[in-house]
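Visitor: Quick one: this structure, given as structure tokens, is what I'll be asking you about.
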Amino acid sequence: MHLHHEREARRFALDVNGKHLVEDVALNDLIAEGTSWGLPTPRAQKTVEQTVHDLSIALDRINPALYPGVTDEAWARVRDRVVQATEVRVLPTTSATTVTDRSAPRTTGRRKPDGRFGPRPPK
């Protein structure tokens, strides 16, 4: 949220997958960071994708007028980054740079009533 400030150093306090600059961090970096903490790659991937999805929905539902201290530029910056993140689908790979079009069909899991995918139920 602070990227809209001109004085902002654009630097995280802690690195994400070895990266310190906000604009250098991609979805695959978040997944790699999660796996470095011990999460299995599929779970890290699902967590990142679900978080971006949920954030997109939350931003659509929020009323910026209720937050007078947050500028239009700040809202636009966050929305732009979320839109960029929702336009790609992360591939399970060891490369931290591979992404593909989000419109590719998902072939695993079961669609939930809200349209999301989830794990298959146990047999």
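Every number in this text was worked out from the coordinates using simple rules, so none of it is lab data. If you're wondering where the values come from, they're calculated on a predicted model, not measured in any experiment. Here the Cβ positions follow ideal geometry from the backbone for every residue, glycine too, while neighbour counts run over all protein chains shown.
Visitor: How long are the semi-axes of the equivalent ellipsoid of the range 27-93, defined as square roots of 5 times the Cα gyration tensor eigenvalues? Whole Å, largest first.
Guide: 28, 11, 10
Visitor: I've got another one for you. Can you put VAL48, VAL83 in order of Cβ neighbours within 10 angstrom, beginning with the fewest?
Guide: Ascending number of Cβ neighbours within 10 Å: VAL83, VAL48.
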